[in-house]
Each structure stands twice: as structure tokens, then as C-alpha cells.
Amino acid sequence: MSLEFAIEVDHIVRTFNNGDFYALNDVSLRVPTGQVFGLLGPNGSGKTTMVRILSTILKPTSGVARVAGFDVVGQSDQVRRRIGLAGQYATVDENLTGFENLRMIGRLNHLSTNESTTRSRELLSNFGLDDAANRLAKTYSGGMRRRLDLAAALVARPPILFLDEPTTGLDPQSRQDLWAIIEGLVESGTTVLLTTQYLDEADRLAQQLVVLDHGKVIAEGTSAQLKSQLGATVLVLTLPTTSDAVRTAELVADLSEQPVRIEGLIIELNVDGGPANAAEALRRVDAQGISVTGLSLREPSLDDVFLTLTGHKVSDDAAPDANQRSARTAHS
Amino acid sequence: MSVDTTSAWSPRWAINDTVTIARRNLLAIIRIPTALVFAIIQPIMFVVLFRYVFGGAIKVATSGYVNYLIPGILVQTTIFGAVGTAIGLAEDLQRGLIERFRALPMARMAVLGGRTLADVVRNVLVIIVITIVGFAVGFRPTGSVVSYVGAALLMLLFAYCLSWGFAFIGLVAPNSEAAQAITFPLIFPITFASSIFVPIDSMPSWLRGFATYQPVSQVTNAVRGLMNGVPHGASTWISLAWSLGAIVMLAPLAVRRYRQVA
């Protein structure tokens, strides 16, 4: 099959609570075959709902979605034979060993017993779970569970893979490991739809991105396009007093199209014009005799993206899960 | 576009999927110690308790209390086993496993079919173990081997039909603890206010009506009659009728609920 688009979504709406809440509100997107496509957005933006619809778990309220050319509602069985699903909840069977988990999924994908066994061994070894193959999954660490979950999604060699926040809550090393695995999959021709709340993850893995907020697409394009649209780097200055912070903010305000953010002693400035603007900001502060106590440059975070696109921060969002919020903070 | 003819609904795959899920559930019984205790050790404790602690005070018309008791314990144990159906399904639902199964090209009903099939297999093992334990404490059934097997099949059938009701509870309950909390108040009256442990004529008159006609007593009377080779009226036929009624009523309930949640 050589479809141009592995996934086609047209005007998908999904409501909950008898139509009171729009999880997805008229979302359309095209995922080119053989790429990693990123769905970026905070908790509650509708990413998981989209993945559940595309993986035939949930029916859309209205709209049409096709995966591998098949309608997710009318031809769900065809869709299921061509997809793999893994996610942040790593739904592995805790009472089975790693090997038994994979073999079960193989059998349920209607591979023969031999094929299931061979494929399970192969994946366990590829994902560094050889030593843990015969241990119950309940004894696995968070990173191991994610790898097992991803392996389970790959047992039947699906051409299309859904990864719902695959690295949320993982330590940096496990994160790197998973990224490498995902990159390997794409090299071998798999189409990946990845949801994430991390800009750096989307940047590293996804060729194309859609940014979701409150169930709507608020931006789309390549990672580079989005970045240039968002302002590349953020200059963070810490000042000795709050009045110095306010004064500094005024001094540098014209260097960015985005407003300067002040939080206590810290000011944040998007340096759209690159390093030259950052240097200019420092010169001005120095010329006024203000001594800077802290200085750093950082890549834009999802918060910056949202501030730019919507005027609100991710953390202002309705009800982000407390654990995930702290996980994100710890990471950024 | 070519049409794939290997439908997930072909009987061969439906059986494959059901057996795969049943296998997984049976492994879980071995792997979760509490489930194993529930399935095997608890009925053994009931045997010991009623045989040696309470049994002396219970007067039965037939030859000895142990021959009265063991068929009753077997019925009680197979019915208690259905609680596992409710708890297991609630747990799978809670952990998102059922959702994962939903994204696989497997037969949709294999989750319920595999769960209830696993419960039958577990009940077969429990019947064998309790029969052996029964013999060890003096159980000497006087019926034929054929009618003993017939009795086992009858209680397996009844428990199987009942387990669809427990599957429904498991799918309605918000979590496994709640599933357990819902099932016990249902299961206690029908197992204890029955002919399982004591003759019904020893109960107060207000309870006797319920205890006589409720299905568990009918099944117990049939099983006890078959195992001990004594007349038991129409209780076998009444038990079969209850089983049929239960599955006709409860299976669609569970299936409909499963379609809603999964």
C-alpha cells in the first residue's frame, strides 16, 4: 500500500457529558506516510481523545477519520490490523511476564504460536529486556514497562503506530532510549503519530506538528516553521530587586515583539532576533549600572509556545493533572 | 482496494482469542496469591470448619453430616468463584487493559468469553481438590461415578451461567474493590440461606420459603442427591431451568454493558 497519507482526519468532533464538553472541536489533519507526526498540547487539549478515536477505541461524535485508508468507524477491524498503540499508562498485564505479555498480544493479533514466540524473543532482545523476559511485569521499572508496552504495540509489525505521550514521567535516560527506538522505527518505514507535551520531544522526533488547545488546532507546520514563528530563544535575567526587574523590563521591551514577562526578580524576554538581541539587552542593562545576578538562555518551552499562540500559559489550563504538571516542571 | 477476507469474526479466531484470554486469566490466578487462596484454600477451610467445628451440632436426616456437607461446599465454592469474574473484569477495565484489547484485531467477545471460560477451568480444579480433601475427611459418596460427574457438570453449568451476572457487576463497578463490595452482599444470602450447610427445616419459617425455592438450594439438592445416590425430586430439572434462565437474562446484560464501556 502506498498511500500518500497514512492518516486522514476530517472535521472530527468528539463531545463528552452529553455534548457539554468538546474534547475535539472540528479537527482536521493529514499524516504523511513514513513520517513522525507530532500532536503537541497540554493536558486536556484533546491529544489522547484523538489517539483513542484513531485507534478505534472511541467513536467520534461527527467527522471522518481514515487510517491506512480505512474508516475508523465502519472498517475498524481493518484499521486494527494495521495499527499499534502504546502510551503513558503502559497497559501491560502485570501478572504476566514480559515474554508472556508479548506472546499474548501476538496471539491476539492472530500470529501463529511459533511466530508469536519468535517475534516476542526478538523484541525483548531489541528493547534490552532479555534479562527481564521471564519476570512478572509488575516488577518492572517505569522505563521497562514503557519499553514492554511499545514492544507489545510492535509485535504484529504494524505500519502505523500511535504513541500517546510515550515519555511522560520517564527519567532522562529512559527518555533518550525510547527516542532512539522511535527513530529506528521510522527509518524502517513506520508512520508514527506521537502526542507529547514536550516541545523538545516534538522537535527531535516529528517532521510535522499540530498544536492542539482545548480541542482545536491552533498552529501547524514543520518544527522549524513553528519555532521561527514562536521566537527561538528565551533570555532569562535575575535581578537584585523587584524595582530593578521592572526597570530592566522597560529597557529591553522593544527588543521583542512578545511582551516581557516579569515574575518577582526574574524577567523573561523572547530574543526573536537571535544572539545579537540578547547582547544588546545586556549592554543596555549594564549601561544603566544595574547588576545582573543571574543570566541564562533557554529554548522555548511549551509554555512559551502557548503564551505566544494563545496568550495563556499551559499551567493556566483548566485542570492539568498535578503529577504530570510536576513531571513537566522537573523536566524543563 | 483489496478486501481482506480473514475476518476477526471467523469462528477459528474467535476460539483462538477466547482461549488466549482464558489462558491469561488462569495464569493470573496462579500469580496472584490472594486469588489462589480464594480459589483453593478458603473452601478447604470451610470443609474443616464445618466438618470438625460446627458439624457436630448439625443434625441431618441422611447417614452422616460429611456426606451432606461436601456436595454443599462444592456448590458454594463454584458460586464463590464467580466473584473472581467480577473482580478480574473490574481490574482489567480499571487498568486500561480492556481498552488495549479493543485496539487489537481480536474477536470482541473474547474478553468476556475468555474470562468466563477461565472460571470454568478453575472450578474444575477446585472440584477435584475439594473432592480429594473431602475423601480425606471421611466423605464417602454412595452414588455412581457417572452421577458424580453429572453432579459436577451441573454445578459447573450453574456457576457458568451465574458468572455472566458477575461479569456485568465487574463492568459496572468503578473499581475492583467496589466489585468485591457489591458481590458479597449478593452471594452471602443465596449461599448461606440455602441447603448448602444445614437442612432448611432447621431454619425459622419466615426464611424457609426463600431458602427452599431459591436456585442455590435446588442446585445443592440435585448435586447432593446425585453424589449420594438418593432421590432428589425434580431439583435437577429445576436447576437446569434456573441455569438457562440465568444465562438468557444475564449474558445479554453483560454483553451490552461491555459494548458500552469498551
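Summary table below
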{"quantity": "Rounded to whole Hz, the Karplus (6.51, -1.76, 1.60) HN-Hα couplings of the stretch B:88-102, x for glycine and proline", "calculated": "x, 5, 4, 5, 4, 5, 4, 7, x, 5, 5, 5, 5, 4, 5"}
{"quantity": "Most mobile listed residue (A:D130, A:D203, A:D286) in chain A, GNM with C-alpha springs under 10 Å", "calculated": "A:D286"}
{"quantity": "Cα-only radius of gyration and Dmax that characterise the stretch B:2-114, units Å", "calculated": "20.4, 74"}
{"quantity": "Positive minus negative residues near B:V66 (Lys, Arg vs Asp, Glu; Cβ under 9 Å)", "calculated": "+2"}
{"quantity": "Whole-Å distance, taken between Cα centres, linking the stretch A:86-151 and the stretch B:132-157", "calculated": "42 Å"}
{"quantity": "Cα centroid separation - the stretch B:245-262 against the stretch B:49-93, whole Å", "calculated": "27 Å"}
{"quantity": "Ranking by accessible area, most exposed first, for A:K47, B:K59, A:K227 with a 1.4 Å probe", "calculated": "B:K59, A:K227, A:K47"}
{"quantity": "Distance from the stretch A:30-54 to the stretch A:173-239 (C-alpha centre basis), Å", "calculated": "11 Å"}
{"quantity": "All lysines inside 30 Å of A:K138 as judged from Cα atoms, apart from same-chain residues fewer than 8 positions distant", "calculated": "A:K47"}
{"quantity": "Vicinal HN-Hα couplings computed from phi for the stretch B:147-158 (Karplus, 6.51 cos²θ - 1.76 cosθ + 1.60; Hz; Gly/Pro x)", "calculated": "6, 5, 5, x, 4, 4, 5, 4, 6, 4, 5, 4"}
{"quantity": "The stretch A:5-228, relative contact order in percent, only Cα pairs under 8 angstrom and at least six apart counted", "calculated": "29 percent"}
{"quantity": "GNM flexibility winner over chain B from B:R12, B:R208, B:R24 (Cα, springs under 10 Å)", "calculated": "B:R12"}
{"quantity": "Contact order relative to length of the stretch B:11-261, as percent, for alpha carbon pairs under 8 angstrom and 6 or more apart", "calculated": "28 percent"}
{"quantity": "Semi-axes of the equivalent ellipsoid for the protein assembly as shown, Cα gyration tensor, largest first, Å", "calculated": "61, 26, 21"}
{"quantity": "In nm, spacing of pseudo-spin labels at A:N114 and A:D286 (7 Å Cα→C-beta vector)", "calculated": "7.4 nm"}
{"quantity": "Separation of the B:V121 and A:V64 label points, Cα + 7 Å toward Cβ, nm", "calculated": "4.4 nm"}
{"quantity": "Total formal charge among the other residues, if their Cβ is under 10 angstrom from that of B:T20, Lys/Arg +1 and Asp/Glu -1", "calculated": "+3"}
{"quantity": "Rounded to whole Hz, the Karplus (6.51, -1.76, 1.60) HN-Hα couplings of the stretch A:189-194, x for glycine and proline", "calculated": "x, 6, 8, 10, 9, 10"}
{"quantity": "Antiparallel DSSP beta bridges within the protein assembly as shown, as percent of all bridges there, nearest 5", "calculated": "65 percent"}
{"quantity": "Residue among B:A159, B:A241, B:A118 with the largest mean-square fluctuation in a Gaussian network model of chain B, springs linking Cα atoms under 10 Å", "calculated": "B:A241"}
{"quantity": "Distance (nanometres) between label positions extended 7 Å along Cα→Cβ at B:A136 and A:K216", "calculated": "7.1 nm"}
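The values are calculated or read from the model by the stated rules, or taken from the named source; none is laboratory data. These numbers come from a predicted model, not from an experiment. All Cβ positions, glycine included, derive from the backbone under ideal geometry; neighbour counts span all protein chains shown. Calculation scope for accessible area: heavy atoms of the full protein, side chains included, ligands and nucleic acids excluded. Shrake-Rupley method; radii C 1.70, N 1.55, O 1.52, S 1.80 Å.
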